[in-house]
Amino acid sequence: MVILGVSAKTLTHYQQLQTSDLTVTTAIINQNAHAHQASNLPWFWSIDIPTDMESITWMSECILILTLHTVYWTHWLQAKAVQDHWLEEEELLTAEFQWTINFFNHQAIQWQTHQAQSAELGASCYAARQIAVYERLSEHAQLKQQSMNLKNIPTSMDTATSNT
């Protein structure tokens with residue numbers, strides 16, 4: 001605006017646009033969030049448009065109210081999209097953990113089958129080693145899942161044994 005040669009009054013009215021003004025915060029949609037009392041929309045969402053206009057009519061006031069409503073609604077939708085994205089990421093991460101655990105358990109069962117069918121001592125020992133590896137991997141994944149406080153998705157075995 002300086003390069004365009006606007007007046008000093010206009011320059012004092014408008015602030016320099018910062019990167020932090022362009023971030024989306026979810027504090028507005030999460031009313032119970034802690035330490036967000038000072039969170040506000042960036043300065044340009046609250047410019048005093050009526051003082052910038054020469055004459056205000058009831059129609060321009062309606063347009064102003066509609067514009068501000070649209071601005072807040074747009075900001076809310078952006079914040080909601082961010083929140084929904086992270087909820088989806090949590091859901092996918094939880095499912096991927098369970099899929100990984102199920103895969104390790106399946107591999108351990110497959111190696112148990114190979115061990116039961118093998119007649120040679122070497123093959124049986126190798127199968128026992130593979131069983132131990134996959135059981136350890138499954139236990140490690142379960143511990144990591146629990147330490148991350150992710151929801152537990154029922155496995156196909158859990159749903160088959162339940163009476164619901």
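Quick note: the coordinates plus some simple rules give every number you see, no bench work behind them. Just so it is clear, the model here is predicted, and its values are computed rather than measured. A quick note on method: Cβ atoms are made from the backbone with ideal geometry, for glycine too, and the neighbour counts reach across all protein chains shown.
Can you give the FRET efficiency for T12 and V82, using 1/(1 + (r/R0)^6), R0 = 41 Å, r = Cβ-Cβ distance, to the nearest 0.05? With R0 = 41 Å, the Cβ-Cβ based efficiency is 0.80. Stokes-Einstein, applied to the Kirkwood radius of segment 103-156 over Cα pairs at a viscosity of 1.306 mPa s and 10 °C, places its translational diffusion at 130 µm² s⁻¹. As a ratio to 2.2 N^0.38 Å, the alpha-carbon radius of gyration computed for segment 58-117 takes the value 2.47.
Annotation for segment 80-131: GluC sites (Glu not before Pro) lying in DSSP loop with at most 12 further Cβ atoms inside 10 Å of their Cβ are E120. Measuring between their Cα centroids, segment 78-94 and segment 100-135 lie 38 Å from each other.
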